[in-house]
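The block underneath contains the structure these notes are about, expressed in structure tokens.
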Amino acid sequence: MIRKGYDKDEALLREIKAAGLPVVLYGVGLIADTAREFLKEQGICVASHVIDDKYTDTIALAPGQGRLLSISELQNEYPSYVLLLCFFGGYRDDLAKYHALFPGAVIVDFLSSIYDRGALETLDIDYVNANTNAYSTVCDLLEDPLSKDSMLAYMHAKIYRDARYLFPYVRRPQYFTQDGAGADLKLGRDEIFVNCGAYTGDTIKDFLEVTGGGFRSIYACEPDSENLEKLTECIHNAGIADRTRIVPVCISDKRETVYFLNQGTMLSRKVDEPQPGVVSVQADTLDNILQGLPATMIVMDVEGNELRALQGARTTILTYKPLLAVAAYHKKDDLPLLVQYLKQLVPDYRFYFRVHKPMAIDAVLYASARERGALHPFCAQKKTD
């Protein structure tokens, strides 16, 4: 196995163990949770998390996640410690400034090999070599240099288990980036937005910010019962309940009852067999849910079920050719299969690829069949009726 990221982290782990100092994670959330789990597996206990002083009144850790200190409290708690950066910006910034911010930190660094956690399947060089033509076809179909460079960096990061390949290419906000894509990915003020895997409303918040709250309607699809409660609260707090339909189903390629890992996280997903935490939920297709009504943008992050979800939206996609933003990182064959299916379905789709975090998550395939910004033809027609 090629181990660039692992080799870097193994050297860092040896250094941490030799130092014998408390280990502090700077940040909370998915990257910090992943780092804490990884360190536990290596026999290293995290002493605490630290956050900026201004966030101490708004952020709390869940039970079992350890202590949470402000930067001011940390300086008084430990005279010396190891600091690991566990947040989005920390993966790209110069480490020197964190040495200045945390004078007690003997070691300041980040973990590279946790990059691949969060994907359902890994990608190895043998698989890529065996499918060179398929990946070359995808790369040839990508519209802009940033897409091609991002795809190659993503594949290197997956193969070598090393997040550092992605640092120059991470773009925000996820699903709504326009960097390098011209008008293809630009949203209008009359969108009909379908969010498959709406989680707790984080993507909807970004959508509202990008559109300035100007949109026609939202379909928020989320089967996890815990996430659904927070999603409902988010929608009501945003004052958009009158324009939002909450759809508590698993988006797939047919209507059926399925097993679902209901764990109240962004990793909740459809599974094949019963296991602890699994419940039965209703699955359905977007075509059934929309019943012929239009969609102008569809976002899909359904934990490895994206191809089936697209197949279940076939009529909607053929009829309205919505802008698509589809997670393409869960399975090793996601990119070739998703591009192949969509290109055959709508030959004039134009494809873009972006990475939105320096981990094996949030790599997104975009497909646009028209210039964005003007009203969707359906919406323009309705305005003149």
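Brief remarks on what is shown
- With a requirement of 2 or more residues that are within 22 Å of L30 (Cα to Cα), the helices (runs of 4 or more DSSP H) lying completely within region 110-171 that satisfy it span 145-160.
- In region 324-333, the count of residues that are modelled with pLDDT of 95 or more and in a helix (DSSP H, G or I) is zero.
- Between P322, P294, the distinction of being surrounded by fewer than 21 Cβ atoms within 10 Å (Cβ to Cβ) and in contact (Cβ under 8 Å) with a residue 60 or more places away in the chain belongs to P294 only.
- Test: residue in region 67-83 that is of a type outside the set (S, T, N, Q), at pLDDT 90 or above, closer than 27 Å to H356 by Cα and not in a helix (DSSP H, G or I): yes
- The lone exception for T203 - which of (1) closer than 25 Å to N305 by Cα; (2) assigned to a loop (DSSP other than H, G, I, E, B) it fails: (2)
- In the condition set (1) small (G, A, S); (2) under 20 Å from I298 (Cβ atoms); (3) at pLDDT below 85, G264 is compliant with all but (2).
- V339 being over 13 Å from the mean Cα position of the chain (by Cα), within 23 Å of R171 (Cβ to Cβ) and either modelled with pLDDT of 95 or more or of a type in the set (K, R) (or both): yes
- Criterion applied to F102, F88, F167 was being modelled with pLDDT under 90 and in the same structural domain as E41 (by TED's automatic domain parsing), and the one residue passing it is F88.
- Residue within region 221-230 that is surrounded by fewer than 22 Cβ atoms within 10 Å (Cβ to Cβ) and either outside the structural domain of A327 (by TED's automatic domain parsing) or within 18 Å of P322 (Cα to Cα) (or both) present: no
- Filtering region 311-334 to residues that are more than 19 Å from E191 (Cβ to Cβ) and within 18 Å of the chain's Cα centre (by Cα) leaves A327, A328, Y329, H330, K331, K332, D333, D334.
- Residue check for I51: in contact with a Leu (Cβ under 7 Å, 6 or more places away or on another chain) and either closer than 21 Å to P358 by Cα or in the same structural domain as A11 (by TED's automatic domain parsing) (or both): yes
- Residue within region 188-199 that is assigned to a helix (DSSP H, G or I), outside the structural domain of L30 (by TED's automatic domain parsing) and surrounded by fewer than 18 Cβ atoms within 10 Å (Cβ to Cβ) present: no
- You will find that of R370, R314, R308, R350, the residue that is of a type in the set (D, E, K, R), surrounded by fewer than 23 Cβ atoms within 10 Å (Cβ to Cβ) and modelled with pLDDT under 95 is R370 and no other.
- Scanning region 33-66 for residues that are assigned to a loop (DSSP other than H, G, I, E, B), polar (S, T, N, Q) and at pLDDT below 90 returns T56, T58, Q65.
The values are calculated or read from the model by the stated rules, or taken from the named source; none is laboratory data. These numbers were taken from a predicted model, which means no experiment stands behind them. Counting neighbours? That spans all protein chains shown, and the Cβs are built from the backbone with ideal geometry, glycine included.
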